[in-house]
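Chemist: Quick one: structure below, then a few questions.
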Amino acid sequence: MKIPTTLRHKPVVVAQDYDRVDGRFSPLSDAKGLSLGLAQWNDRGRVDISAKVWRHTGAKWSRQSEELPLHRVLDLAILVCRARQYFADSYRQPAEGPTKPGIDRIPLQGGALDIALAVENDRVAEDVELFREALSRDDELIGERLHRLGAILRTLGY
């Protein structure tokens, strides 16, 4: 299924047939493609690039397709990496759970991306365990992608 090019987001770089590699959702995923292109929110004289996950219901392109500015895509990648590292090191936490919710403070743009456990969630202890189990279950899928990302970043000099 080809990503549409007639909608407000204008694809420039595409990954068609994403449903074949969409992790545990493959091959039945409704996410049919990924694209980098000109953002749908562009105004005259201002052009932003966005990433988009294209979803298809089986009958039509879904309104649940997501479009994100590239910096948010990278911020999510940072969040995934830091969460994975936190949970890999969590065996060092006391048996009753973490004593402080803060995970990391990553400097960005003169401020910081503060990463923490969602202590406002009244079931955070239970949800942390469910998250840990899911992260462990998907370790091979996530690890493969992080390995590929790391190799590409090294070739770019990062």
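Chemist: Grab the beta carbon distance between Ile142 and Gln109, set R0 = 30 Å, and tell me the FRET efficiency rounded to 0.05.
Modeler: Given R0 = 30 Å and the Cβ-Cβ separation, E is 0.70.
Chemist: What number of lysine-lysine pairs in the chain show an alpha-carbon separation below 29 angstrom, given a sequence spacing of 8 or more or placement on distinct chains?
Modeler: Count of close lysine pairs: 10.
Chemist: Compute a Gaussian network model of the chain, connecting alpha carbons closer than 10 Å, and tell me which residue from Gly37, Gly23, Gly102 fluctuates the most.
Modeler: Gly102
Chemist: Just to be sure I understand, if you calculate Rg/Rh (Cα atoms, Kirkwood Rh) for this structure, which of (1) 1.01; (2) 1.09; (3) 0.92 do you get?
Modeler: Of the labelled values, this structure produces (1).
Chemist: Please give the net charge around Gln40, taking every other residue with its beta carbon less than 12 angstrom from that of Gln40, where Lys and Arg add +1 and Asp and Glu add -1.
Modeler: After counting each charged neighbour, the total is -1.
Chemist: Between Asp43 and Ile78, what FRET efficiency follows from the Cβ-Cβ distance if R0 is 30 Å, with the result rounded to 0.05?
Modeler: For Asp43 and Ile78, the calculated efficiency is 0.60.
Chemist: Have a look at segment 10-64 and give its Rg and Dmax from the Cα atoms, expressed in angstrom.
Modeler: According to the Cα coordinates of segment 10-64, Rg and Dmax are 12.7, 41 Å.
Chemist: For segment 71-155, what Kirkwood radius comes out of the mean inverse Cα-Cα distance, in Å?
Modeler: Roughly 14.4 Å, rounded to one decimal.
Any read-out appearing in this document is the output of simple, stated calculations on the displayed coordinates, not a laboratory observation. Bear in mind that the values here come from a model prediction, so they are computed numbers and not experimental data. Glycine also receives a Cβ, built like all others from the backbone with ideal geometry; neighbour counts cover every protein chain displayed.
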